[in-house]
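The values are calculated or read from the model by the stated rules, or taken from the named source; none is laboratory data. In this text the structure is predicted, and so the values were computed from the model without any measurement. Cβ: placed from backbone, ideal geometry, glycine included. Neighbour counts: every protein chain shown. Only protein heavy atoms, including side chains, enter the accessible area calculation; ligands, DNA and RNA are left aside. Shrake-Rupley method; radii C 1.70, N 1.55, O 1.52, S 1.80 Å.
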Amino acid sequence: MTQMIEALKQRRSIRAYKPELPSKELIEQIVEAGTYAATGMNRQSPIIIAVTNKEMRDRLSHMNARFMGKGEDFDPFYGAPAVLIMLADKKMPTYVYDGSLVMGNLMLAAEGLGLGSCWIHRAKEEFESEEGKEILKSLGIEGEYEGIGHCILGYPAVTLPEAAPRKENYVYYID
């Protein structure tokens, strides 16, 4: 249990990555951890798309940058070579929470396996666009899915920063 608590405390959002792609085995372990996240009534509304193909990764980066109002030379994925896209079925009333819990599991699993990760937004906008819908269709993914986020993965190219002090009044106890 102590190792788990330490992983929770040590995990940081990494914004600089080495170009080396993590092994397929490491990515599969992280994805599997994501599938064990709690979901409303265990309906398992989310789906994970693991992207290790450089061309698709770069395409997603360009799409994401456009939604930020940035040029194609800007990489919102910070050089991370792998991207796990989190989508969740909008028909489920808990889909945003479900997808968020999966994202948490993905990031914690990455930490436990020695990889860096960061939650990147704008998946919602990407997969509501025609281009995003075409990508899903090309993968045979049908349904009303909303992009919850991207979990970027890779080997950190920076030293992990120290945790910021926890804010005052973060927790209230009722005894």
Could you go through the stretch 100-118 and let me know if any residue there is among the small types (Gly, Ala, Ser), closer than 18 Å to GLU20 by Cα, crowded, with 19+ Cβ neighbours inside 10 Å and in contact with a helix residue (DSSP H, G or I) (Cβ under 6 Å, 6 or more places away or on another chain).
yes
Starting from residues that are without any contact (Cβ under 8 Å) to a residue 60 or more places away in the chain and within 16 Å of MET56 (Cβ to Cβ), keep the ones in the stretch 67-81 and report whichever is least open to solvent (accessible area, probe 1.4 Å).
PRO76
For the stretch 47-59, pairs from a residue that is within 19 Å of GLU146 (Cα to Cα) to a residue that is among the basic types (Lys, Arg), with Cβ under 9 Å and 6 or more apart or across chains, are VAL51/ARG57
Do you know which residues across the stretch 35-65 are touching a strand residue (DSSP E or B) at 6+ places or on another chain (Cβ under 6 Å), farther than 11 Å from THR94 by Cα and either in a strand (DSSP E or B) or of a type in the set (Ser, Thr, Tyr) (or both)?
ILE47, ILE48, ILE49, ALA50, VAL51, THR52
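What is the residue count in the stretch 13-34 for residues that are outside any helix (DSSP H, G or I) and either surrounded by 17 or more Cβ atoms within 10 Å (Cβ to Cβ) or free of Cβ contacts under 8 Å to residues at least 40 places away in the same chain (or both)? Before you say what the answer is, go through the steps one by one.
Narrowing the stretch 13-34 to residues outside any helix (DSSP H, G or I): 13-23.
So of that shortlist, the ones also either surrounded by 17 or more Cβ atoms within 10 Å (Cβ to Cβ) or free of Cβ contacts under 8 Å to residues at least 40 places away in the same chain (or both) come out as 14-15, 17, 21-23.
Residues meeting the conditions: 6.
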